[in-house]
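Participant: Below you'll find the structure I mean.
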Amino acid sequence: MAEIDYRRIVSDGLWHNNQALVALLGLCPLMAVTNTLVNGLGLGLATTAVLLGSNVIVSAIRHWVRAEVRLPVFVMIIASLVTAVELVMHAWFHELYLILGIFIPLIVTNCTIIGRAEAFASRNPVAASALDGLSMGLGSTAVLVVLGGMREFIGQGTLFSGAHLLFGEAARHWELSLGDGYQGLLLAILPPGAFIGLGFLIAIKNILDKRSAQAARKAETLEAALTSPQ
Amino acid sequence: MQFSIDSSPHVQGGNDVQRVMGQVLLALLPGTLALWWYFGWGVVINIGIAGLTAVLSEWVVLRLRGRDPRPAIADLSALVTAWLLALALPPLLPWWQTVIGSAFAIVLVKQLFGGLGYNPFNPAMAAYALLLISFPADMTHWLLPSVLSQHSVSFGEAWQTIFQGKQALGPTWDMISGATPLGHMRTELSQNHMISEIRRSPVWGDFGGRGWEWVGNWFLLGGLFLVWRGVISWRIPASMLGALLLVAGLFWAIDAQTHPFPAFHLFSGGAILGAFFIATDPVTASTTPRGQLIYGALIGLLVFVIRSWGGYPDAVAFSVLLMNMAAPTIDHYTQPRVFGAREDEHG
């Protein structure tokens, strides 16, 4: 088996193959729950936990599952993990559980999870799969958080509202607010705001990628010029 | 009968974007003046704010895209978009909402899709929908026409209200503001009042709201001018207003006490402005002759449906946006027969 490049796994998950911005997977929860930063973070962490668990298990049993039945097996594993996460949230983050509602059980249908199980975990050893699950999950979570923060800020002029749902009572005063005078742009909270916001995030990523590619090319030509015999 | 055909070169009409847009602006003047007459200086200030923002946004985005902004600004299309948006806005809307709408129209709806000719949605109407959804309270609170409130809004009053908020006017604000005729009709109907009772209120004129119907007439005049000049085809306005009249007439005939008189639909809200100036946008509308008839008729139908059973009093913006989405499909199925081809030869 080829050498596994752990650094590459991390950079793919967080940036180059970001599941939300590049693969455009798992957009349904992305659109639905990112109306505040904390909601986005909550769902992102739940998804990451499921992704990590499913990648590890799928990778561990990859030699014993026949190719013909692998998809039902993956779905069973993911569904069990989602049920576990749902119960955990029900027990310890009850308010957040109520806010996210149907989107927690719907993590089962998140294409990112079965996509990573099929494309990565079923072909790679456990450690690499765990790292892949973690970085893919954190990559998606980052997008959920940024999008949620953007929509929350534009839509109602606050940040971290409801932080106590996730971090306990001490976090209640984390909320930043522009004050009551700010009349929110309601559209940002509504579904179109999610689409427009995601579009901007993708555009920003593409701009950054283009810039760094240009810089790399420039550095290469410079190096070539310096090392050439003249 | 024999027509003689001259050999080339033929005389060219010399129509370009700037000329067409200039004619649209000219055609908007009578309706704009009527709005100014009934609703005061706010209309003019709104046009100024929206126009300035639109031209500035166009300039900034084109610079960012590495293009020369001068020809795009000189073709007046940004100004037409801003003008149409400003006409649809309440005259004393806070200035920053007008700025947000106008910038949204140009930057997101027009330039991000590639600029003039590439936008799938009508920029002015998309911006109107954005503002209506985001600021429903401000956007549905219009002024009463001056014939009703006996108060014509002066330039100073309009300026103060737009830039400092409606507190600047004090008690005058409540005297001169109110719901639009469509909004009024909607609230009254929702309280199970009969049309014959509702019509006794002084806000009604012969067809629509007092004052409002005249604004509609002047926009109609400008629209007919555009049809006469060949800037727009008669198909979309005719089929849109025809369908609206037909459906409204049908329901009116069934029950005249809960469905207003058909002409009320025609002369209220944005129906006429929409039919001649907005639905006919050459970029986002259907382009085939048969397609234009279908496109217009469906807008008319949607306007009636949304006005009667939808969540907002007026519906022109939403109907136009919905049909913008359908326009490519309509065009696909209504391709005219190519000369010489048999009817069954194209898909």
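The values are calculated or read from the model by the stated rules, or taken from the named source; none is laboratory data. What you see is a predicted model; the values in this text were computed from it and never measured. Glycine gets a Cβ as well: all are built from the backbone with ideal geometry, and neighbour counts include every protein chain shown. Accessible surface is based on the protein model in full, side chains and every heavy atom, while ligands, DNA and RNA are left aside. Shrake-Rupley method; radii C 1.70, N 1.55, O 1.52, S 1.80 Å.
Participant: Would you mind estimating how fast the stretch A:6-227 diffuses translationally, via Stokes-Einstein at 20 °C and 1.002 mPa s with the Kirkwood radius over Cα pairs, in µm²/s?
Facilitator: 114 µm²/s
Participant: Per-residue ellipticity at 222 nm for chain A, helices alone: DSSP H runs ≥ 4 residues times -39500 (n - 2.57), over residue total, nearest 500 deg cm²/dmol?
Facilitator: -21500 deg cm²/dmol
Participant: Now, a different point. Cross-link partners among aspartates and glutamates for B:Lys166, C-alpha distance below 18 Å, same-chain residues fewer than 8 apart left out?
Facilitator: Counting by Cα, and skipping residues close in sequence, B:Lys166 has these aspartates and glutamates nearby: A:Asp180, B:Asp138, B:Glu157, B:Asp174.
Participant: Using a Förster distance of 51 angstrom, determine the FRET efficiency expected from the C-beta separation of A:Asn206 and A:Phe167, and round it to 0.05.
Facilitator: Once the sixth-power term is evaluated, E becomes 0.95.
Participant: Using a probe radius of 1.4 Å on protein heavy atoms only, what is the accessible area buried between chains A and B, both sides summed, to the nearest 100 Å²?
Facilitator: That pair hides around 700 Å² of surface in total.
Participant: Hey, if we sort B:Arg70, A:Arg151 by accessible area with the 1.4 Å probe, largest down, what's the order?
Facilitator: My answer, sorted largest first, is B:Arg70, A:Arg151.
Participant: Another question, then. Please list 3J(HN,Hα) in residue order for the stretch A:98-114, calculated via the Karplus relation 6.51 cos²θ - 1.76 cosθ + 1.60 where θ = phi - 60°; whole Hz, with x for glycine and proline.
Facilitator: 5, 5, 6, x, 5, 6, 6, x, 6, 4, 3, 8, 5, 5, 4, 5, 5
Participant: For chain B, evaluate the Debye formula with one uniform point scatterer on each Cα (no solvent term) and list log10 I(q)/I(0) at q = 0.06, 0.11, 0.13, 0.14 Å⁻¹, rounded to two decimals.
Facilitator: -0.23, -0.75, -1.02, -1.17
Participant: A further question on this structure: Which aspartates and glutamates have a Cα lying under 14 Å from the Cα of A:Lys205, excluding residues fewer than 8 positions away in the same chain?
Facilitator: Within the straight-line cut-off, A:Lys205 pairs with A:Asp12.
Participant: Additional query: Quote the accessible area belonging to A:Glu169 in square angstrom, nearest 10, computed with a 1.4 Å probe and with ligands, DNA and RNA left uncounted.
Facilitator: 120 Å²
Participant: Averaged over A:194-202, how many beta carbons belonging to a partner chain fall within 10 Å of each residue's beta carbon?
Facilitator: For peptide A:194-202, the averaged partner shielding equals 1.
Participant: Would you give the gap between the C-alpha center of the stretch B:7-85 and the C-alpha center of the stretch A:153-214, rounded to a whole Å?
Facilitator: Between the Cα centres of the stretch B:7-85 and the stretch A:153-214 lies a distance of 34 Å.
Participant: With a cut-off of at most 14 other beta carbons within 10 Å, and DSSP calling the residue loop, which trypsin sites (Lys or Arg not before Pro) in the stretch A:29-82 qualify? Please list them.
Facilitator: A:Arg66
Participant: Helix-only mean residue ellipticity at 222 nm, chain B, DSSP H runs n ≥ 4 weighted -39,500 (n - 2.57), per residue, nearest 500. What is it?
Facilitator: Estimated from H runs of four or more residues: -18500 deg cm²/dmol.
Participant: In the stretch B:1-98, which chymotrypsin sites (Phe, Trp or Tyr not before Pro) fall in coil by DSSP and have 11 or fewer other Cβ atoms within 10 Å?
Facilitator: B:Phe3
Participant: So, R0 is 30 Å and r is the distance between the beta-carbons of A:Ala213 and B:Trp59; what FRET efficiency does that work out to, to 0.05?
Facilitator: 0.55
Participant: Ok, one more. Return the tail of the calculated pair distribution for the protein assembly as shown, meaning the percent of Cα-Cα pairs more than 40 Å apart.
Facilitator: 43 percent
Participant: Also: Compare B:Met21, A:Met136, B:Met194 by solvent-accessible area with a 1.4 Å probe and give them largest first, with all protein chains kept in place.
Facilitator: The most accessible residue leads, giving B:Met194, B:Met21, A:Met136.
Participant: List, by residue number, every residue in the stretch B:97-138 with a reduction of 10 Å² or greater in accessible area between the chain on its own and the complete protein assembly, 1.4 Å probe.
Facilitator: Residues of the stretch B:97-138 that lose at least 10 Å² of accessible area once the other chains are added: B:Ile100, B:Phe104, B:Leu108, B:Leu112, B:Leu130, B:Ile133, B:Ser134, B:Phe135, B:Asp138.
Participant: Keeping all protein chains in place, calculate the accessible area per residue for chain A (probe 1.4 angstrom), answer in Å².
Facilitator: 54 Å²
Participant: For the stretch B:17-178, what value does the Rg/Rh ratio take when both radii are computed over Cα atoms and Rh is the Kirkwood radius, given to two decimals?
Facilitator: Reported Rg/Rh (Cα atoms, Kirkwood Rh): 1.00.
Participant: Another question about this same structure. Give me the distance between the Cα centres of the stretch A:36-52 and the stretch B:124-139, rounded to whole Å.
Facilitator: Spelled out, the Cα-based centre of one part sits 33 Å from the other.
Participant: Amide H of B:Ser177: which non-local residues (sequence gap of 5 or more, or other chain) have their own amide H closer than 5 Å, using H built in the peptide plane?
Facilitator: B:Leu144
Participant: OK, next. How about the stretch B:113-179: which chymotrypsin sites (Phe, Trp or Tyr not before Pro) there lie in a loop by DSSP and see at most 16 other Cβ atoms within 10 Å?
Facilitator: Here the chymotrypsin sites (Phe, Trp or Tyr not before Pro) that fit, given the DSSP loop and packing criteria, are B:Tyr118.
Participant: What are the equivalent ellipsoid semi-axes of the stretch A:46-157, built from the alpha-carbon gyration tensor (square roots of five times its eigenvalues), in whole angstrom, biggest first?
Facilitator: Over the Cα atoms of the stretch A:46-157, the semi-axes work out to 28, 16, 11 Å.
Participant: Accessible area of B:Met175, 1.4 Å probe, to the nearest 10 Å²?
Facilitator: 110 Å²
Participant: Relative to the first principal axis of the alpha-carbon coordinates of chain B, what is the inclination of helix B:123-134, with its axis defined by its Cα atoms, in degrees from 0 to 90 and to the nearest 10?
Facilitator: Long axis of B:123-134 versus the principal axis of chain B: about 30 degrees.
Participant: Taking the simple approach of a point 7 Å from Cα along Cα-to-Cβ for both A:Val65 and A:Thr109, what is their distance in nm?
Facilitator: 2.1 nm
Participant: Sort A:Lys218, A:Lys205, B:Lys166 from largest to smallest accessible area, using a 1.4 Å probe on the heavy atoms of the protein chains.
Facilitator: These residues rank, largest area first, as A:Lys218, B:Lys166, A:Lys205.
Participant: If you don't mind, another one. Taking the Cα centroid of the stretch A:90-113 and of the stretch B:180-249, what is the distance between the two, rounded to the nearest whole Å?
Facilitator: That distance is 49 Å.
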